[in-house]
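The values are calculated or read from the model by the stated rules, or taken from the named source; none is laboratory data. The structure presented is a predicted model; accordingly, all values stated were derived computationally and were not measured. Glycine also receives a Cβ, built like all others from the backbone with ideal geometry; neighbour counts cover every protein chain displayed.
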Amino acid sequence: MQAIFETRRLVLRPRTQAETDACIEMDREPGVARFVPEILRLVAGPSMDPEAHRAFVEARTRGPYPSGLGYWTIHARSTGNSFLGWGMLIPLDAVGPDIEIGWRLRPAAWGHGYATEAATLLLRHGLETLRLPEIVSDIDPANLASVRVAEKIGLRQLTRTPPRHETTIRFALTREEFSRRP
C-alpha cells in the first residue's frame, strides 16, 4: 500500500492507470524526455512507437513493487489538483536490487521547486518509514535541473559510474547519512 503525501502546495497520490494519458502527454512535451533515451525514442523521431510508450507507462504504473514503493502523481493544490508530473521510488529500472528515486514534471511546472518538494517527501518516506538502507538516482550530468534537485534533497554524487549506463552519474543517500542530517 502506498501512502498519500501532502504539503501546502502539493498532493502526491499513488499513480493509477487512469493517469496514463496525462503521463504520455507530458512525455511528448518538448524537452521532457530529452535526458531519458528509452522514452525519447518512443515519443520522437523515426523509432516513435506510441503503443510501446503506452505499454511502458502502464507496466511501470502497475508494478509489482515491494510494499510502500511505486509511482506517485504530483498534483498542485493551487490549480485544482492539476497534474504536474510524477515521482517514483522503485527498484532500479523496475528490477533492483538498488532502490531509485526519480521525478518527471511538465515544463509548465519547471522552476517552481515542485520536484525538490516532492522528492523530499519520497526520500523521507523511503529512508524513515520504509527504512531502506540506501536510495540512488542515476542522472545524465547534462540534466542540470535534476542534478540540482538531487543535491538539494541531500543526495551525494558517487565517484563510481553506475554499471547500467556509462552516460549517467550516480547520486545516493544512505539511511545512516540521512539520520545524521540537521
Does ARG62 satisfy the criteria of being out of contact with any Gly (no Cβ under 9 Å at 6 or more places or on another chain), among the basic types (Lys, Arg) and closer than 18 Å to THR20 by Cα? yes
Checked the stretch 1-42 for anything surrounded by 19 or more Cβ atoms within 10 Å (Cβ to Cβ) and more than 24 Å from GLY113 (Cα to Cα); matches are LEU42
Exactly one of THR79, THR129 is closer than 17 Å to ARG175 by Cβ and either more than 12 Å from the chain's Cα centre (by Cα) or of a type outside the set (Phe, Trp, Tyr) (or both), and that one is THR129
Scanning the stretch 116-149 for residues that are part of a loop (DSSP other than H, G, I, E, B) and touching a helix residue (DSSP H, G or I) at 6+ places or on another chain (Cβ under 8 Å), the one surrounded by the most Cβ atoms within 10 Å (Cβ to Cβ) turns out to be LEU132
Residue count, the stretch 11-26, condition closer than 14 Å to LEU42 by Cα and more than 13 Å from the chain's Cα centre (by Cα), comes to 3
Out of (1) more than 15 Å from HIS75 (Cα to Cα); (2) modelled with pLDDT of 95 or more, the one GLY113 does not meet is (1)
Apart from one, (1) under 25 Å from ALA145 (Cβ atoms); (2) outside any strand (DSSP E or B); (3) within 18 Å of the chain's Cα centre (by Cα) all hold for GLN2; the odd one out is (1)
Scanning the stretch 84-118 residue by residue, those of a type in the set (Phe, Trp, Tyr) and farther than 16 Å from ALA59 by Cα turn out to be TRP103, TRP110, TYR114
